[in-house]
Amino acid sequence: MVDVTREFQDIERAEPEDVELYHPHSWITKYVFSQDAKVIAIQYSVTAMAIGMVALVLSWLMRLQLGFPGYFTFIDPATYYQFITMHGMIMVIYLLTALFLGGFGNYLIPLMLGARDMVFPYLNMLSYWIYLLAVLVLVASFFTPGGPTGAGWTLYPPQVILSGTPGQESGVFLMLVSLVLFIVGFTMGGLNYVVTVLQARTRGMTLMRMPLTIWGIFTATVLALLAFPALFVACIMLLLDRALGTSFFMPTLVEMGQTLSYGGGSPILFQHLFWFFGHPEVYIVALPAFGIVSDLISTHARKNIFGYRMMVWAIVAIGGLSFIVWAHHMYVSGMHPMFGFFFATTTLIIAVPTAIKVYNWVLTLWRGDIHLTVPMLFAIGFIITFLNGGLTGLFLGNVVVDVPLSDTMFVVAHFHMVMGVAPILAIFGAIYHWYPKITGRMLDEAMGQIHFWVTFLGAYAIFFPMHYLGLMGVPRRYHELGEMAFVPPSAEELNAFITVVALIVGFAQLVFLFNLVWSLFRGREAGGNPWRATTLEWQTPTTPPPHGNWGKELPVVYRWAYDYSVPGAAEDFVPQNQPAPAGAAE
Amino acid sequence: MSQDRRWLLGGLAVVFGFVGLFLASRAGHGIFYWIGLIVFLAAVGTIFGFVRAAFDEAEGKAQTPQHLVPLTMLAVAVGSVVFHFLSPWWWSPIASNWGYIDQTIIITFWITGVAFTAIVVFLAYCLYRFGHQAGRRAAYEPESRRLEFWLTMGTAAGVVAMLAPGLIVWSQFVTVPEEAAEIEIVGQQWQWSFRYPGEDGRLGRSDTRLVSNDNPLGLDPNDPNGADDVVVQNVDLRLPVDRPLKVLLRSLDVLHDFYVPEFRAKMDMIPGTVTYFWVEPTRTGTFDILCAELCGVGHAYMRGRVEVMEESQYQAWLQQQPTFAALANGYARVTSRSPDGGEASARSSVR
């Protein structure tokens, strides 16, 4: 598909004049309570990365315990479960979701679509501040009596609110309140992204000319708006069960010899609600990564993305299917066994559009002019880890294969590879790619190379062997193996090896953080379009773009986002806002 | 490539070389030796590449394209396959009829393994063959319907090849044989209890509301089917070999999951509901019982053991156990009456 328009005479220019009132006047309204999507994006990203560092440190503590059980006396079973719970929840919700949608969504949607800002800037600002509040409430649970909840990030009742679980006193309240706040804040932002994509595209930017990054973020936002309400009601009902003694999820039960006053509720109901949110959540994280990686590969291989229309339809199909696969997380939950047939089938069907995306990324490299820049390396790292994690998903999605593997380290290895490592690599690639637009300076290449190789090879060395622990039968969420007749002593050594590598990978992230700060002052000047890319954000009149993005005139789009190496063109890229030369053959 | 960058990367390669040597020196297990050696050789190769590039530059030769990246990606694919075949970590020898599940896993390993290797090798080839060189220009080919169609069909065929056997085995898994004997396993924080049907072969009704010190599993005293039931706590689970069993699962407090790795089958236990799976133990021996669903701080300590024995041995043991009705009439606690006496291997130390 090649999509170029020559003229726009029949469409009226519909933009109102620039109003002085619209721009911020004080330091506070410009940098703190800012309504500029780009500033909000940076606020979201910095907050998400800060809380992400907390979760990273928690993972080190967990790994220390698993690799060298007994050496670290300050880690007991209760604290271990608290670390594991907070690590999971922070990484999935407060880091990945917030960074992809709140961070990249805010920065890239207006710039890539040729808009001046989000359509509801004030709501956008509120969204960030409510997100920050949610993060603070979550962090507060570390300092309450009893500490944060240790129920696992899935928060399954009944144990989440019973006394056998750490953090039952107050940590669980703060966790649920924080989630509710997050969802409120996200809904404000999410409506904003969807309306902006649908209503504020510049002239010529048809839906089928949008860069795949925007398709990914847009579809993920729609998923999130439909999926988060399920988590919202689950959190509210669980709060009521804990605070007021209602029994939405609580059956009659005997705790430590005492019959509690609950009765008639259904623990399985919570699991359905949780995973009705939880599975789309995987794609809320994955779809923006798909989009970003498509654009990185196309730009740095100087070649149009292969099969653009198929890529768009694959994103939409995956998004739709992701709502009818949730119970594959519940094959051994005790739900009706006949569900297994349906959910295994839908789950494996989703592999087809996903595989097509992988093929198209690799086929984009075929006969390209591949520049092995740091963003490109991260994109390649994403493809390999995502491919690996996606394929192990075919084990766990195929209901009967899931029976021995569920709740083992195989599951841990699988989801870290597919929705931990892979999206994080995409995020790093995206940061190396767009940092020059955000700051006007390049990130240091040598530090970037070190960061990439240690992170990619290290993460692979952590999670690939971990599958085999699970295959052997080592359960997840055990703070130590203890006596297990079927586990050979060499498994302890493998655990120690994984821990050492995890620490090395963790420290490599410090190189990245240093690079972010150092390059801000010392990085090479980037210019407006250092990667010679076609999309609109690289065509702004000034870099970094000011409030309002485009100066006097909005750009007009004449072509799709992937005109790289067009035969006959002078340069190997043609920006989206460059008109076709009069009389040129199409 | 600038000078500083080369030195930085060279320094990194040296560090990696040392890490590789360190790992190889530990060599507590063969796999570490190989991983260490591979890392070390990769580091040596990198340094060699830098030295050669430096000489080439000094002599004014044209820069050779970088082959390190495609080679590393190739090494990831090859290394994964080698690891798979050399790995000493593999499933425990099976002790039940669910060898079908293992076979389905093997089919899945082959299909996904071939797909993974093929795609990564192709990716590495693209990086090698189409790396940037001065004057190269990418081809312009927006899409190819035919290629996309055949790739879709091929993927669909692979998916069907995994799903079809999976669903067939699942239908066996959910179809409990008529002749299966019932047995009940009850989970609570953090121990296992077991109930066997007596002479009548039927388990009596139970209700969590009836749980008390004298009736730890909440059996209904008014149900005649339950009178001859045998309840045991704090001892190993005993099962007869070569007989299909319908394992009924109950929980008194939170979610648990009855998991014996050698049986392959597992299922959650939910308070307020009876769940089940079926299994036929196929060899005698003693195996670990683990809890596989997070159930609070004692989760990892919630252990037990199952002893699979010959039918005659099993029956002889079962005969000796007091029935529920007998217990209700004033016998002492079950544990002290069992032939194992106070054996408490399964007890959690947390409780």
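Listed highest first by mean packing, meaning other Cβ atoms within 10 Å per residue, what order do B:170-176, B:198-204 come in?
On the way: B:170-176: 17.3, B:198-204: 15.7.
Peptide ranking by packing, descending: B:170-176, B:198-204.
Which whole-Hz ³J(HN,Hα) couplings does the stretch B:202-210 yield from phi under the Karplus relation 6.51 cos²θ - 1.76 cosθ + 1.60, θ = phi - 60°, glycine and proline marked x?
10, 8, x, 5, 9, 8, 4, 5, 8
For the stretch A:67-226, what's the radius of gyration and Dmax over Cα atoms, in angstrom?
Values for the stretch A:67-226 (Cα only, Rg and Dmax): 19.3, 64 Å.
What net charge is computed for the residues neighbouring residue A:370, neighbours being all others with C-beta under 11 Å from the C-beta of residue A:370, Lys and Arg scored +1, Asp and Glu -1? All intermediate terms of the calculation are to be shown ahead of the outcome.
Details: positive: A:302, A:303, A:367, B:129, B:136; negative: A:369.
Summing Lys/Arg as +1 and Asp/Glu as -1 gives +4.
Might you work out the accessible area of residue B:208 for me, using a 1.4 Å probe with all protein chains in place, and round it to the nearest 10 Å²?
Roughly 20 Å² of residue B:208 is accessible to a 1.4 Å probe.
Return the distance in nm (one decimal) between the two label points of a simple spin-label model at residue B:81 and residue B:168, each offset 7 Å from Cα along Cα→Cβ.
With each label placed 7 Å out from Cα toward Cβ, I get 2.8 nm.
For the residue pair residue B:213 and residue A:154, what label-to-label distance in nm results when each label sits 7 Å from Cα along the Cα-to-beta-carbon direction?
Each label point lies 7 Å from its Cα, and together they span 3.6 nm.
Averaged across orientations, what area in nm² does the convex hull of the alpha carbons in the stretch A:277-356 project? Could you put the intermediate results ahead of the total?
Working: hull surface 22.1 nm².
Mean projected area for the stretch A:277-356: 5.5 nm², to one decimal.
Full-extension gain between residue B:313 and residue B:329, please, as 0.36 nm times their residue separation minus the C-alpha to C-alpha distance. Don't jump to the answer; show the numbers that get you there.
Numbers: separation 16, 0.36 × 16 = 5.76 nm, distance 2.74 nm.
So the extension gain works out to 3.0 nm.
Size of the stretch B:159-293 along its principal axes in angstrom, Cα-based, largest extent first?
53, 31, 27 Å, listed from the longest principal axis down.
Mind checking the angle between helix A:422-439 and chain A's longest principal axis? C-alpha axes, 0 to 90 degrees, to the nearest 10.
Once rounded, the angle reads 40 degrees.
With Rg and the Kirkwood Rh both taken from Cα atoms, where does Rg over Rh land for the stretch A:356-410? Write down the numbers at each step before the final one.
Details: Rg = 15.4 Å, Rh = 13.2 Å.
Computed over Cα atoms, the ratio is 1.16.
When Rg is the radius of gyration of the Cα atoms in the stretch A:213-342 and Rh is its Kirkwood radius, what does Rg/Rh come to? Intermediate results must be reported in sequence, preceding the final value.
Numbers: Rg = 20.1 Å, Rh = 17.2 Å.
Result for the stretch A:213-342 is an Rg/Rh of 1.17.
From the phi of every residue in the stretch A:414-419, what ³J(HN,Hα) in whole Hz does the Karplus formula 6.51 cos²θ - 1.76 cosθ + 1.60 yield, where θ is phi - 60° and glycine or proline is x?
Residue by residue, the stretch A:414-419 yields 4, 6, 5, 5, 8, 10 Hz.
Suppose we compare each residue of the stretch A:426-460 in its chain alone and in the full protein complex with a 1.4 Å probe; which ones drop by at least 30 Å² of accessible area?
At a threshold of 30 Å² (probe 1.4 Å), the residues of the stretch A:426-460 that become less exposed are A:446, A:449, A:450, A:453, A:454, A:457, A:460.
Starting from the 7 Å offset along Cα-to-Cβ, what nm value, one decimal, do you get for the label separation of residue B:14 and residue B:134?
The answer from the label model is 3.2 nm.
Taking the inverse of the average 1/r across all pairs of different Cα atoms in the stretch A:162-284, what Kirkwood radius in Å do you get?
Working: mean 1/r = 0.0594 Å⁻¹.
Roughly 16.8 Å, rounded to one decimal.
Working from Cα positions, state the angle (0 to 90°, nearest 10) between the long axis of helix A:445-472 and the longest principal axis of chain A.
Tilt of helix A:445-472: around 40 degrees.
Dividing the alpha-carbon radius of gyration of the protein assembly as shown by 2.2 N^0.38 Å (N being the number of residues), what value is obtained?
1.00
Return P(r) of the stretch A:490-586 (all Cα-Cα pairs; 10 Å bins starting at 0; whole %; ordered from short to long distances).
With a bin width of 10 Å, the distribution comes to 13, 25, 22, 17, 14, 8, 2, 0.
List the equivalent ellipsoid semi-axes of the stretch A:354-512 in whole Å, largest first, each obtained as the square root of 5λ for an eigenvalue λ of the Cα gyration tensor. Walk me through the numbers on the way to the answer.
Details: eigenvalues 212, 82, 25 Å².
Gyration-tensor ellipsoid for the stretch A:354-512: 33, 20, 11 Å.
Report residue A:3's accessible area, 1.4 Å probe, all protein chains in place, as a number in Å² to the nearest 10.
Counting only protein heavy atoms, residue A:3 exposes about 40 Å² to solvent.
Using square roots of five times the C-alpha gyration tensor eigenvalues, list the equivalent-ellipsoid semi-axes of the stretch B:171-228 in whole Å, biggest first.
Ellipsoid half-lengths, sorted descending, are 23, 16, 9 Å.
Between A and B, buried accessible area summed over both sides at probe 1.4 Å, in Å² to the nearest 100? Mind showing how you got there, number by number?
Values: alone 23760 and 21400 Å², together 34800 Å².
Chain pair A/B: roughly 10400 Å² of buried accessible area.
Counting helices only, and only those DSSP H runs with n ≥ 4, report the 222 nm mean residue ellipticity of chain A as the sum of -39,500 (n - 2.57) divided by its residues, in deg cm²/dmol to the nearest 500. Let's see the in-between values first.
On the way: 16 runs with 326 residues, N = 586.
Dividing the helical sum by the residues of chain A leaves -19000 deg cm²/dmol.
How many Å² of accessible area per residue for the protein assembly as shown, probe 1.4 Å? Walk me through the intermediate numbers first.
Numbers: 34800 Å² over 937 residues.
With the other protein chains kept in place, the protein assembly as shown gives 37 Å² per residue.
Relative contact order for chain A using alpha-carbon pairs under 8 Å, separation at least 6, rounded to a whole percent?
Values: 962 pairs, mean separation 98.0, N = 586.
This gives 17 percent for chain A.
For helix A:212-244, report the angle its Cα long axis makes with the longest principal axis of the Cα atoms of chain A; keep it between 0 and 90° and round to the nearest 10°.
30 degrees
The values are calculated or read from the model by the stated rules, or taken from the named source; none is laboratory data. All values reported here derive from a predicted model rather than from experimental measurement. Glycine gets a Cβ as well: all are built from the backbone with ideal geometry, and neighbour counts include every protein chain shown. All accessible areas refer to the heavy atoms of the entire protein, side chains included, with ligands and DNA or RNA removed. Shrake-Rupley method; radii C 1.70, N 1.55, O 1.52, S 1.80 Å.
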